[in-house]
Amino acid sequence: IEDLNKMGLIVKIEDIMHRTPICERSKTPIEIIPMQDYYLKQLEFAEDLKKQTTKMKFHPEQHRKLLLDWINSLKIDWPISRRRYYATEIPIWYCARCGEPHVPPPGRYYRPWAEKPPFERCKKCGHNEFIGEDKTFDTWMDSSISPLFITKYTRDAKFFKKTYPVTLRPQGKDIVRTWLYYTVLRCYQLTGKMPFKRVWISGTGLDEKGEKMSKSKGNVIDPVPILEKYGADRFRFWCAQESSLGEDFRISEERIEAAGRFITKLVNIARYVSSFPQPRRAALTPTDKWILAELSSTVRRCLEGYKEFNFFIPAVAVRNFTWRIFADHYIEMSKQRAYGRGFSESEQRAAWFTLHQVLKTILLMLAPISPFVTDYIWRKLYSKKSIHTEKFPKPKWDRRYTKYTKEIIEFNSTVWKIKKERGMSLKEPIEIEIPRKLRIFQKDLKAMHNIISS
């Protein structure tokens with residue numbers, strides 16, 4: 001400024017406000033310095049990549065737009081060299097005289113800054129001294145070819161042909177523009193094909209206030225103490241039922257603890273059901289047919305969720321069915337029958353059969369989400385082999401009886417409410433009329449609520 005002033009070239013001096021990039025971690029200003037670097041071509045592939053991505057199925061579909069938006073935003077080729085200590089070294093040596101770059105033969109990992117070059121003379125000028133490259137690759141340069149590594153690209157042609165493209169890429173939405181995009185770019189450049197058949201993109205874990213977790217903010221939760229305190233199954237079930245696929249979710253110990261209560265409920269249900277024998281067949285009552293109809297509907301919803309890799313759907317479906325329908329209503333409706341109090345042996349066997357059928361199916365539906373507790377109960381009650389060797393259940397029961405569910409829940413809730421308002425225990429007799437539509441369940445309902453005729 002002083003030189004310009006002396007030369008009389010300054011027109012005006014004023015203070016201005018301008019935007020300055022700040023480091024997310026240190027909060028210090030970032031100075032942009034132009035430097036010589038290596039670039040990988042990407043602009044000329046952009047249109048092809050947008051067309052090729054239609055060959056991949058996204059879970060959820062709306063997150064396909066994250067990838068397309070990034071491709072559309074590209075303005076320069078990809079700078080792939082970095083100046084860092086810990087990263088993949090760039091395998092290049094330069095002639096000390098003329099600067100000609102030399103690339104070593106493929107097949108091994110090279111450290112040019114620390115190793116002698118695998119050649120004696122410069123191919124251009126014949127000089128015998130070289131300088132090793134000390135820059136490293138961008139971290140996504142090698143992580144982007146993970147599908148090629150696991151399918152043995154260039155190492156086993158037969159294996160590669162059978163396994164590539166791979167079935168699924170699971171990842172978070174925060175690295176769509178990096179890991180997903182660069183994998184698609186590099187694998188397409190090398191093979192001419194998309195690397196995956198399906199892309200599964202989860203949401204971002206936020207703190208309990210809905211803010212992004214960050215070490216600098218101090219709001220990160222260490223998962224190890226949580227896992228030690230609540231166990232893997234409770235943690236996994238919380239994660240599955242917290243939000244639908246692709247949506248952000250909040251993380252707090254209170255929410256994990258609350259979700260874990262369902263696992264405790266399941267263990268208590270299994271303990272109750274295990275007290276009864278396991279008949280191979282039975283003559284089902286209307287109450288049994290009703291809960292098995294609801295079970296089939298739940299199996300159907302779970303299958304739909306699993307096929308879309310959306311574990312929120314089966315987690316919520318199993319939880320609601322197990323707790324709000326099976327435990328709250330069927331177990332209570334069938335309890336007197338299961339104990340043989342005022343019912344025939346045939347009716348009792350039907351209750352036993354149904355209790356075990358439902359529990360077995362619940363365990364199978366929940367096994368992919370909570371693998372340990374389900375396997376433990378399965379081995380204790382039903383088989384010496386692991387539950388994870390079993391086939392997934394099918395919705396084999398007639399679902400027509402689900403038309404009674406709303407009325408059953410409303411009637412039971414009404415009776416419980418009346419008894420509570422009157423200060424009565426649930427075991428005390430009550431005089432109340434069973435709705436005409438529910439008369440087919442009359443025997444179980446009378447025993448459940450201790451209903452006396454008017």
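Inside the range 143-186, can you point out the residues that are assigned to a helix (DSSP H, G or I), free of Cβ contacts under 8 Å to residues at least 24 places away in the same chain and either charged (D, E, K, R) or touching a strand residue (DSSP E or B) at 6+ places or on another chain (Cβ under 6 Å) (or both)?
Scanning the range 143-186 gives LYS158, LYS161, LYS162.
Looking at LYS396, LYS360, LYS335 in this structure, which one is charged (D, E, K, R), closer than 21 Å to GLU294 by Cβ, assigned by the TED database to the domain that holds TRP290 and at pLDDT below 95?
It is LYS396.
Within the range 188-195, is there a residue that is in contact with a Lys or Arg (Cβ under 9 Å, 6 or more places away or on another chain) and under 30 Å from ARG255 (Cα atoms)?
No; the residues of the range 188-195 include none that is in contact with a Lys or Arg (Cβ under 9 Å, 6 or more places away or on another chain) and under 30 Å from ARG255 (Cα atoms).
May I ask you to verify whether ASN219 is over 14 Å from the mean Cα position of the chain (by Cα) and not assigned by the TED database to the domain that holds MET365?
When the stated conditions are applied, ASN219 passes them.
For the range 187-216, what are the residues that are over 15 Å from the mean Cα position of the chain (by Cα), in a loop (DSSP other than H, G, I, E, B) and surrounded by 14 or more Cβ atoms within 10 Å (Cβ to Cβ)?
MET194, PRO195, ASP207, MET213
Just a yes or no: is a residue in the range 65-74 in the same structural domain as TYR181 (by the TED database), part of a loop (DSSP other than H, G, I, E, B) and at pLDDT 95 or above?
yes
Any idea which residue in the range 415-454 is modelled with the highest pLDDT, counting only those that are out of contact with any helix residue (DSSP H, G or I) (no Cβ under 7 Å at 6 or more places or on another chain) and β-branched (Val, Ile, Thr)?
Residue satisfying both the conditions and the ranking: ILE418.
Being of a type in the set (Ser, Thr, Tyr) and in a helix (DSSP H, G or I) is the filter here; which residues of the range 274-310 pass it?
THR287, SER296, SER297, THR298, TYR306, listed by residue number.
Does at least one position in the range 91-105 carry a residue that is more than 20 Å from MET35 (Cα to Cα) and aromatic (Phe, Trp, Tyr)?
Checked against the condition, which is being more than 20 Å from MET35 (Cα to Cα) and aromatic (Phe, Trp, Tyr), the range 91-105 yields no hits at all.
Under the condition of being among the basic types (Lys, Arg) and part of a helix (DSSP H, G or I), which residue from the range 217-247 is farthest from TYR181 (Cα to Cα)?
LYS229
Applying the selection to the range 392-414, what residues are in contact (Cβ under 8 Å) with a residue 12 or more places away in the chain and of a type in the set (D, E, K, R)?
Residues satisfying the conditions are LYS394, LYS396, ASP398, ARG399, ARG400, GLU407.
Would you say ARG271 is assigned to a loop (DSSP other than H, G, I, E, B) and of a type in the set (D, E, K, R)?
When the stated conditions are applied, ARG271 does not pass them.
Answer with yes or no whether ARG261 is of a type in the set (Lys, Arg), in contact (Cβ under 8 Å) with a residue 12 or more places away in the chain, part of a helix (DSSP H, G or I) and not assigned by the TED database to the domain that holds PRO60.
no
Suppose we filter ARG300, ARG324 for residues that are modelled with pLDDT of 95 or more, under 30 Å from PRO170 (Cα atoms) and surrounded by fewer than 20 Cβ atoms within 10 Å (Cβ to Cβ); which single one remains?
ARG300 is the lone residue from the list that is modelled with pLDDT of 95 or more, under 30 Å from PRO170 (Cα atoms) and surrounded by fewer than 20 Cβ atoms within 10 Å (Cβ to Cβ).
For the subset of the range 62-75 comprising residues that are surrounded by 11 or more Cβ atoms within 10 Å (Cβ to Cβ) and either of a type in the set (Val, Ile, Thr) or within 18 Å of PHE311 (Cβ to Cβ) (or both), which member is farthest from the chain's Cα centre (by Cα)?
Ranking the qualifying residues of the range 62-75, first place goes to ILE71.
Just to be sure before I move on: is GLN62 assigned to a helix (DSSP H, G or I) and of a type outside the set (A, V, I, L, M) in the structure I sent?
Taking the combined requirement at face value, the residue satisfies it.
Can you tell me how many residues in the range 332-348 are surrounded by 21 or more Cβ atoms within 10 Å (Cβ to Cβ) and either under 17 Å from TRP397 (Cβ atoms) or not acidic (Asp, Glu) (or both)?
Selection size over the range 332-348: 5.
Can you find a residue in the range 311-327 that is more than 18 Å from PHE392 (Cβ to Cβ), more than 34 Å from the chain's Cα centre (by Cα) and either not polar (S, T, N, Q) or not in a helix (DSSP H, G or I) (or both)?
Within the range 311-327 (the criterion being more than 18 Å from PHE392 (Cβ to Cβ), more than 34 Å from the chain's Cα centre (by Cα) and either not polar (S, T, N, Q) or not in a helix (DSSP H, G or I) (or both)), the answer is no, since none of the residues qualifies.
If the requirement is being within 23 Å of ASP233 (Cβ to Cβ) and either in the same structural domain as ASN268 (by the TED database) or at pLDDT 95 or above (or both), which of these qualifies: THR354, THR405, THR389?
Going through THR354, THR405, THR389 in turn, just one is within 23 Å of ASP233 (Cβ to Cβ) and either in the same structural domain as ASN268 (by the TED database) or at pLDDT 95 or above (or both): THR389.
Taking the condition of being surrounded by 13 or more Cβ atoms within 10 Å (Cβ to Cβ) and either in contact with a Phe, Trp or Tyr (Cβ under 6 Å, 6 or more places away or on another chain) or of a type outside the set (A, V, I, L, M) (or both), how many residues in the range 135-158 meet it?
The total comes to 14.
The values are calculated or read from the model by the stated rules, or taken from the named source; none is laboratory data. As the structure is a prediction and not an experimental result, all values here were calculated from the model. FYI the Cβ positions are ideal-geometry reconstructions off the backbone, even for glycines, and counts take in every protein chain you see.
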